[in-house]
């Protein structure tokens, strides 16, 4: 784990776009076959490449690694359901009279889930792990006590992760020249209803520290492209 103030100092000296990733967005890669998240997988591959090239920095809060381990088996089962459905549909479709060449067995997809897990884990391993910060933790506890987003149901985890993201951005100079993006597909807790924007109970504070919101890995890359921080 790396202390937030150390990371903020390093970023201020060598500015790069920073992406702070929630666990669910990493696991979306593994669930992609079930949820038709091809764009998320492509974005994961792109993000891995540009992180290696030091064009961006990716971060996760210290609890994300444990949460990923606790949930990756379930995510694999979800992804496998999508693959099984494809195979079953292929078998049915191959009996139709159609111009498409669907004869024979479906393509082998035996290693697909493992490849998706590996990509998700690679991103997790590349991410800088944010150490616990008293101000980030205090922010989270206040949210739980006040039953405000993202902790209206009393859960602390989402506020814990977002609180540390906000604290890191707060420690950066107000003139920090690069994008700061929080990524989570958990729109129920972070977004306005039926929207891709931060919930109003989060939006003002996030704006004050320059933190933007993306509901997916691909949406985060779109933000960086719009800012001309990575090539289209």
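The values are calculated or read from the model by the stated rules, or taken from the named source; none is laboratory data. A quick note: this is a predicted structure, and the numbers were derived from the prediction, not measured. Every residue, glycine among them, receives a Cβ derived from its backbone with ideal geometry; neighbour counts consider all protein chains shown.
Does region 51-67 hold any residues that are on the phi < 0 side of the Ramachandran plot and either surrounded by fewer than 20 Cβ atoms within 10 Å (Cβ to Cβ) or assigned to a loop (DSSP other than H, G, I, E, B) (or both), and which are they? Correct list: 51, 52, 53, 55, 56, 62, 63, 65, 66, 67. Answer yes or no as to whether residue 155 is surrounded by fewer than 20 Cβ atoms within 10 Å (Cβ to Cβ) and not in a loop (DSSP other than H, G, I, E, B). No; evaluated as a whole, the condition is false for this residue. No other residue among 148, 194 is outside any helix (DSSP H, G or I) and out of contact with any helix residue (DSSP H, G or I) (no Cβ under 6 Å at 6 or more places or on another chain) apart from 194. Checked against (1) in contact with a strand residue (DSSP E or B) (Cβ under 7 Å, 6 or more places away or on another chain); (2) under 20 Å from residue 184 (Cβ atoms); (3) surrounded by fewer than 22 Cβ atoms within 10 Å (Cβ to Cβ), residue 2 passes all but a single condition, namely (2). In region 167-185, how many are out of contact with any strand residue (DSSP E or B) (no Cβ under 6 Å at 6 or more places or on another chain) and buried (at least 16 other Cβ atoms within 10 Å of the Cβ)? The total comes to 10. In region 139-160, the count of residues that are touching a strand residue (DSSP E or B) at 6+ places or on another chain (Cβ under 6 Å) and either closer than 18 Å to residue 23 by Cα or modelled with pLDDT of 95 or more (or both) is zero. Considering only region 124-133, I want to know if a residue exists there that is farther than 22 Å from residue 30 by Cα, touching a helix residue (DSSP H, G or I) at 6+ places or on another chain (Cβ under 6 Å) and assigned to a loop (DSSP other than H, G, I, E, B). Scanning region 124-133 turns up at least one residue that is farther than 22 Å from residue 30 by Cα, touching a helix residue (DSSP H, G or I) at 6+ places or on another chain (Cβ under 6 Å) and assigned to a loop (DSSP other than H, G, I, E, B).
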